[in-house]
Amino acid sequence: MANKVNFEQFNAILEEKTARAKNLEPIMKKVTADMKTKVDMRFRNTVDPDGNKWAALSEATISRRKGRSSKPLNDSGDLKQSINGKYSSDYAVVGTNTPYAAFQQFPATKGENGKETVTETVRKRTRRTRSGKKTTVRSHSRTRSFLNPWGDKPGRPFLGFSTNQKAKYRRWITNYIQKGGS
């Protein structure tokens, strides 16, 4: 049997839910924390938002890495550490301000971004030749050009939502508006 309410009761319930819908900050805080946790887990498990494994690194890439780690997106840890979240009463965002993040998120084909030119400056220094004599190398600059990227590069998505996440957040927000609490 359905509950009967009079107009005043109905109006009070409607006003309460409207007030909660206007200020979703408590639930957005929870959503932001969960999104950040999911991104952190993707770095740990080397998977995209849908749980698919990231493409393995090439041997050439591994040989260039500082620690020779074969774990994608984890050479220095800077990208993972740059992940942060923000929220307010009407949004929840997790992202990064690292300039190369988009290059890691999306795939690219060889030379897609054109040529990149790098100028290196070699300072004056003293070194030993093969015969053991000391010689001084004068300061000079050298310019190199190479395709960017230098080979086909798969995307390794770390930001984004899985279907399950979208459904979960929708449930959380609906529940918050209907019943309150976070």
### Message
At R0 = 41 Å, how high is the FRET efficiency between ASP50 and GLU16 if r is their beta carbon distance? Nearest 0.05 is fine.
### Response
0.65
### Query
Relative contact order (percent) for the chain, with alpha-carbon contacts under 8 angstrom and 6 or more residues of separation?
26
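How big is the Cα convex hull of the range 8-112 in projection, averaged over all directions, in nm²?
So the Cα hull casts an average projection of 9.2 nm².
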### Message
How are the alpha carbon pair distances in the range 38-90 distributed across 10 Å bins from zero to the largest one, expressed in percent?
### Response
22, 44, 25, 6, 3
### Task
Would you mind checking the tilt of helix 7-22 against the longest principal axis of the Cα atoms of the chain, expressed as 0 to 90 degrees and rounded to 10?
10
### Message
Rounded to the nearest 20 debye, what is the charge dipole size of the chain about its Cα centre when +1 sits on each Lys and Arg Cβ and -1 on each Asp and Glu Cβ?
### Response
1720
### Cα-based helix-to-principal-axis angle, 163-179 vs the chain, degrees rounded to 10
40
### Message
Of the candidates ARG171, ARG156, ARG130, which one comes out as most mobile in a Gaussian network treatment of the chain with C-alpha springs shorter than 10 Å?
### Response
ARG130
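Computed FRET efficiency, Cβ-Cβ of GLU112 and THR37, R0 25 Å: what is it to the nearest 0.05?
So, using R0 = 25 Å, E works out to roughly 0.15.
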### Rg to Rh quotient for the range 86-136, alpha carbon positions, Kirkwood Rh
1.38
## Note on the structure
One finds, for GLU59 and VAL93 with R0 = 41 angstrom and r their Cβ-Cβ distance, a FRET efficiency to the nearest 0.05 of 0.65
### Message
Which one, THR96, VAL118, SER141, projects farthest toward the positive side of the charge dipole computed for the chain from Cβ point charges (K/R +1, D/E -1)?
### Response
SER141
### Message
Angle check, please: helix 25-45 long axis (alpha carbons) against the longest principal axis of the chain (alpha carbons), in degrees 0 to 90, nearest 10.
### Response
40
#### Entry: Carbon + sulfur, % of accessible area of the chain - ligands and nucleic acids excluded, 1.4 Å
50
#### Entry: Residue order for PHE161, PHE7 - accessible surface, 1.4 angstrom probe, largest first
PHE7, PHE161
## Note on the structure
For LYS153, counting only lysines whose alpha-carbon sits under 25 Å away and dropping same-chain residues fewer than eight positions off, the answer is LYS38, LYS53, LYS66, LYS71, LYS80, LYS110, LYS115
## Note on the structure
Between (1) 39, 18, 13; (2) 55, 17, 14; (3) 25, 18, 17, the structure-derived semi-axes √(5λ) of the Cα gyration tensor in Å is (2)
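The values are calculated or read from the model by the stated rules, or taken from the named source; none is laboratory data. All of these numbers come straight from a predicted model, not from anything done at the bench. Quick reminder, even Gly has a Cβ in these numbers, built from the backbone with ideal geometry, and neighbours come from all protein chains shown. Note: accessible area is taken over every heavy atom of the protein model, side chains too, but ligands, DNA and RNA are not part of it. Shrake-Rupley method; radii C 1.70, N 1.55, O 1.52, S 1.80 Å.
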